[in-house]
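The values are calculated or read from the model by the stated rules, or taken from the named source; none is laboratory data. In this text the structure is predicted, and so the values were computed from the model without any measurement. Note that we place each Cβ from the backbone using ideal geometry, even for glycine, and neighbour counts take in every protein chain shown. Side chains are part of the model used for accessible areas, which takes the heavy atoms of the whole protein and leaves out ligands, DNA and RNA. Shrake-Rupley method; radii C 1.70, N 1.55, O 1.52, S 1.80 Å.
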Amino acid sequence: MIIEPGVLVQLAVEAAEGKRAMDITVLNIGGVSVVAEYFVICSSRSPVHARAIADAIEDKLQQHSVGQPRREGFRTAQWVLLDYGSVVIHIFQEEQRRFYNLEHLWGDAQVVKSPLSM
């Protein structure tokens, strides 16, 4: 089953919120890049917390028949990346998030409250 990117984002955000991810931001990068349509960016308190957030997102999306993402950074969990094609999810430790500052790097992208309302 193919899920619209906005629905995928909403499910990922719900799963991250369920694991108490911090400072969740959704960027609509579709208008400024061909990399993806959305970035979901959030912070975690520790590597264990980052892995728990990633696992919760993967579990929730699998329940909706979304396939396995490409995963990076799971071992050290300083920056975990889940690539679902049209949606890329970044789970950072706070220090790495400040350092890489994706919100600034993709400053031309629109920050969205809910992609389903667009």
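Exactly one residue out of 111, 40, 32, 26 is of a type in the set (A, V, I, L, M, F, W, C), assigned to a strand (DSSP E or B) and open to solvent by 50 Å² or more (accessible area, probe 1.4 Å), and it is 111. Residues in the range 71-85 that are open to solvent by 20 Å² or more (accessible area, probe 1.4 Å), farther than 16 Å from residue 5 by Cβ and not in a loop (DSSP other than H, G, I, E, B): 71, 72, 79, 81. Residue pairs whose Cβ atoms lie under 7 Å apart, separated by 6 or more positions or on different chains, with the first residue in the range 98-114 and more than 21 Å from residue 13 (Cβ to Cβ) and the second of a type in the set (A, V, I, L, M, F, W, C) and surrounded by 11 or more Cβ atoms within 10 Å (Cβ to Cβ), are 108/32.
Table: residues versus (1) farther than 19 Å from residue 111 by Cα; (2) in contact with a strand residue (DSSP E or B) (Cβ under 6 Å, 6 or more places away or on another chain); (3) in contact (Cβ under 8 Å) with a residue 40 or more places away in the chain.
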{"site": "32", "(1), (2), (3)": "no, no, yes"}
{"site": "37", "(1), (2), (3)": "no, no, yes"}
{"site": "68", "(1), (2), (3)": "yes, no, no"}
{"site": "75", "(1), (2), (3)": "yes, no, no"}
{"site": "89", "(1), (2), (3)": "no, yes, yes"}
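Of all residues in the range 86-107, which are among the hydrophobic types (A, V, I, L, M, F, W, C) and surrounded by 14 or more Cβ atoms within 10 Å (Cβ to Cβ)? Don't jump to the end; show me each part of the working.
If we filter the range 86-107 for residues that are among the hydrophobic types (A, V, I, L, M, F, W, C), which is where we start, we get 87-89, 91-92, 99, 102, 105-106.
Scanning the range 86-107 gives 87, 88, 89, 91, 92, 102, 106.
In the set (1) in a helix (DSSP H, G or I); (2) farther than 17 Å from residue 4 by Cβ; (3) more than 11 Å from the chain's Cα centre (by Cα), residue 54 fails one condition alone, (3).
Taking the criterion of being out of contact with any Pro (no Cβ under 8 Å at 6 or more places or on another chain) and farther than 19 Å from residue 6 by Cα, the residues of the range 86-96 that qualify are 92, 94, 95, 96.
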